[in-house]
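Structure, as structure tokens:
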Amino acid sequence: MDIISQIQNGLVGALGPFGPIIAVGTLGIILVALVIPAMIKDSKDPLEKLKRDQEGRSRLQDTEPRTLRANRRNQKLDKYANFLEPQDAKALSQIRLTLMQAGYRNRDAVRYFHFAQFALAIGFLTLGVLYFLLFKSGEDSSAGEAILYILAPGGVGYMLPKYWVTKRLQTRQEEISDGFPDSLDMMLTCVEAGQSLDQSIIRVAREIEVSYPALAEEYEIVAQQIKAGRDKPSVLNEMAERCGVQDISSFVTVLVQSQTFGTSIADALRVYAAEMRDKRVMRAEEKANKLPTKMTLATMMLTVPPLLIILVGPSLLGIMKLFEM
């Protein structure tokens, strides 16, 4: 008991009245950091080992050079898959779709996202502990203040990757919506000039690459998939799913129906391009109509107080002089 009392008194003297709590919390964080690698490490599967050995033998026997795929999975992260990926198939599909719509198409994007959440949460939590110990701990500090300075940075670090992905998704969708009417006009011009839809998609992607790179990238993916021999409806539907924009989904529906019923693609593009131009004008008018409402609060905060000071200030000074007399 004397040893425990001495340790407790030493922690109180060094870290303040909450020294034992801080020490126990720090020890818990260290233990969690040591245990997590052992928990997420999977045992090696004999079948996977045999498969890797066979692949190594086939590479040694193959004398011709091979071109590796650029978007291959990182095999070093496979042993952490149970920890870095949701086990629910629906949740995994949803987060993968969200990252794809934000522009992250890497096969390990879900794993990188969850790893960033975990790493930033632990890092910010550690910084919060160090900041509290160095600057805020003392006799006047309370338990609520300690929890706020320690846990709040961890929560911010955990939510930061999600906020980043959400903002990137919104920016990308806005860029696609802004550039889509112009791309339709270019596509209509190419089709009416005698080019096929596939050739017009390639030409439009080349022309809008500087102004709208996200939309140009989607068109290039569609063109390459069609060149690879995939059917056009499935390729266009995948494009609509990747973009997550209602205008693209409607455009895909128009093209698929035009191909199914054998109608002219030029006529369909002409009608839909005119509709998209009108819709863009309506969006601009909507933003313009919202602007006065948004400026009202700023106008009241920045204009009314100086105006009151100018109008009421001299009267207040005169009244104060009368009371002094």
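The values are calculated or read from the model by the stated rules, or taken from the named source; none is laboratory data. Owing to the predicted nature of the structure, the values given are computational and were not obtained by experimental measurement. Every residue, glycine as well, gets a Cβ built from its backbone with ideal geometry; the counts of neighbours run over all protein chains shown.
Quick notes on this structure:
- Hey, Tyr158 within 30 Å of Lys227 (Cβ to Cβ) and not assigned by TED's automatic domain parsing to the domain that holds Asp231 or not: no
- The stretch 217-265, residues that are under 22 Å from the mean Cα position of the chain (by Cα) and not in a helix (DSSP H, G or I): Gly244, Val245
- Residues located in the stretch 265-308, provided they are small (Gly, Ala, Ser) and at pLDDT 85 or above: Ala266, Ala268, Ala273, Ala274, Ala284, Ala288
- Filter pass, Gln117 being under 17 Å from Glu241 (Cα atoms), among the polar types (S, T, N, Q) and touching a residue at least 24 places away in the same chain (Cβ under 8 Å): no
- Single residue of Val245, Val204 found to be free of Cβ contacts under 8 Å to residues at least 60 places away in the same chain, among the β-branched types (Val, Ile, Thr) and buried (at least 17 other Cβ atoms within 10 Å of the Cβ): Val204
- Selected residue (criterion: nearest to Arg270 (Cα to Cα)) from residues of the stretch 149-201 that are touching a residue at least 12 places away in the same chain (Cβ under 8 Å) and among the basic types (Lys, Arg): Arg172
- The residue of the stretch 133-146 that is farthest from the chain's Cα centre (by Cα), among those that are surrounded by 14 or more Cβ atoms within 10 Å (Cβ to Cβ) and free of Cβ contacts under 8 Å to residues at least 40 places away in the same chain, is Lys136.
- Within the stretch 76-96, considering residues that are modelled with pLDDT of 80 or more and of a type in the set (A, V, I, L, M), the one nearest to the chain's Cα centre (by Cα): Ile95
- Sole residue being at pLDDT 80 or above, closer than 17 Å to Thr166 by Cα and outside the structural domain of Ala214 (by TED's automatic domain parsing), chosen from Tyr149, Tyr104: Tyr104
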